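Everything on this sheet refers to the single structure shown next.
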Amino acid sequence: MNNRAPTTISQRIDALVEQMPELVADNVDEADFWATYVRLSGPIIRDAAAIGDEALEQASLRLEDVLAQYGKLGPAIPKPSDPKTVPLGEWLRQTRKTARKRAF
């Protein structure tokens, strides 16, 4: 099975979910938590993006839900006041497309 198959992305997110209690407990400092979280979730997001937009959006939403469950998203992050604000999945998609256009 290809490492970038959607089921593998899902399994990798499941594994990250299982690590979250320990990750939160071991990284009380927010900067340490985010550095570790990005190190673990970054490759998942990158591989999901390589599969396609739908896989990227699904992975992003699942990871966002996990962060919300552990209080890492919420009141500390300001709610967008503009109703035209782009959802995270769409922002990632736009960023990825912009990055491709800038390639030299």
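Bear in mind these aren't lab numbers, they're just calculated from the coordinates by the rules spelled out. Just so it is clear, the structure is predicted and the values come from calculations on it, not from any experiment.
Of note:
- For residue 73, distant residues with modelled amide H under 5 Å away: 68
- Cα-only Debye scattering, segment 8-75: base-10 log of I(q)/I(0) at q = 0.18, 0.22, 0.26, 0.27 Å⁻¹: -0.65, -0.93, -1.21, -1.27
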